[in-house]
Amino acid sequence: MPIEFAKLVEATIQQSTIRDAIGSRVTAKMAGAELDRGPRIEALSGFIERELARLEAIPVSAQASESSIDVLYELFREVVNEVWAPAEPGD
């Protein structure tokens, strides 16, 4: 398991059965096994389904999303202007 991914798993997954299942899957993938689809791993599938349901239940504020997008648009415009601005004479 690559070290950074291993740190992420250790920091976010409390259940040892899920950590073990992730570790086994990563090891198999790194060895070239099951490059397509493998058998369903109930511990992982259940975890993913519970997490998706939990995340879908979190309300999203449309106002916060719009203001966040506006900030990103402004940052994008500033970066584009800085990178693509015509050079000043003598630069």
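Laboratory data are not the source of any read-out in this text; all were calculated from the coordinates shown. Just so it is clear, the structure is predicted and the values come from calculations on it, not from any experiment. Every residue, glycine among them, receives a Cβ derived from its backbone with ideal geometry; neighbour counts consider all protein chains shown.
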* Structure fact -> Heads up, region 8-50 by the C-alpha gyration tensor (a ≥ b ≥ c square roots of eigenvalues; a/c under 1.5 rounded, else a/b over b/c prolate, else oblate) looks oblate
* To do: With a 10 Å radius around each residue's Cβ, average the other Cβ atoms per peptide and rank 72-85, 9-22, highest first.
  => 9-22, 72-85
